[in-house]
Amino acid sequence: MSTVSKANRGLKIAITGSMGSGKSAVCAMIKKAGWPLISADEIVADLYDFDTFVKTRLTDFYGEEVIEDHKINRKMLFSFMMKNDREKKRVESLIHPLVEKKMLEYFAKQDSDLLFAEIPLLYESHWQDKFDQVWAVVADDEIRIDRLITKRNVNKEQALVLMSHQIDQNKKMELADVVIDNNGTLSDLSNVVYQLLNRMSGGEDHVESE
């Protein structure tokens with residue numbers, strides 16, 4: 001049984017995927033279908049913007065320069081974290097327990113057979129064992145690169161650098177319980193996701209009509 005699963009009896013499912021895979025689109029479909037979903041990135045953003053304890057600790061680590069307009073300067077923090085593995089682990093040791101606590105609190109409030117969390121860096125953070133299942137959203141590299149160029153306004157070289165900071169997509173496919181192929185259209189993806197949700201929920205229809 002996973003650590004997070006102890007929050008209640010719902011099946012905890014982590015949604016992950018490499019940059020440009022389309023995991024956010026999958027998560028939007030899951031939410032539209034009526035299933036509870038929480039985003040790790042949104043939790044972290046709230047901690048950086050509003051959590052006094054986090055801001056105090058990070059100021060202790062890196063000084064007042066890490067604060068801008070009463071919020072954590074994410075670019076500055078990222079530059080500190082990328083200096084070496086020690087700095088990265090120091091920040092993660094502060095943030096990760098707080099993210100897990102927020103997830104537990106969210107899950108405990110839900111009355112649902114399926115509970116979802118969007119965690120882009122699931123495997124990089126070694127969080128896979130905290131969930132009952134992992135669903136990995138995947139797409140071919142060229143498609144992912146095109147999506148990053150379009151959505152993040154970067155060139156191909158920059159897209160490749162961004163992608164290099166994550167675990168190889170093939171490894172994620174090997175480790176995941178479910179692999180969701182997103183090489184087609186949004187309609188194709190929607191059909192796959194809703195069929196999967198219906199199967200996981202025993203055929204219970206949570207899907208909103210278009």
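Per the listing Asp60, Asp49, Asp111, the residue uniquely of a type outside the set (Phe, Trp, Tyr) and either assigned to a loop (DSSP other than H, G, I, E, B) or under 25 Å from Ser18 (Cβ atoms) (or both) is Asp111.
Of everything in the range 61-87 that's among the charged types (D, E, K, R) and in contact with a helix residue (DSSP H, G or I) (Cβ under 8 Å, 6 or more places away or on another chain), which residue is nearest to Asp51 (Cα to Cα)? The qualifying residue nearest to Asp51 (Cα to Cα) is Lys71. For the range 75-115: of the residues being touching a strand residue (DSSP E or B) at 6+ places or on another chain (Cβ under 8 Å) and touching a residue at least 60 places away in the same chain (Cβ under 8 Å), which is farthest from Val44 (Cα to Cα)? Here the residue is Asp113.
Taking the criterion of being over 14 Å from Gly20 (Cβ atoms) and outside any loop (DSSP other than H, G, I, E, B), the residues of the range 127-174 that qualify are Gln128, Asp129, Lys130, Gln133, Val134, Trp135, Glu157, Asn170, Lys171, Met173, Glu174. Every test in (1) in contact with a strand residue (DSSP E or B) (Cβ under 8 Å, 6 or more places away or on another chain); (2) farther than 21 Å from Asp46 by Cβ is passed by Glu118 save one, and that test is (2).
For the range 123-147, a residue qualifies if it is buried (at least 20 other Cβ atoms within 10 Å of the Cβ) and in contact with a Gly (Cβ under 9 Å, 6 or more places away or on another chain), and the qualifying residues are Trp135, Ala136, Val137, Val138, Ala139, Arg144, Ile145.
Computed from the coordinates by the stated procedures, all read-outs in this text should not be read as laboratory data. Note that the structure is a prediction, hence the values are computed from the model and not measured. No Cβ is skipped: glycine too gets one built from the backbone with ideal geometry, and neighbour counts run over all protein chains shown.
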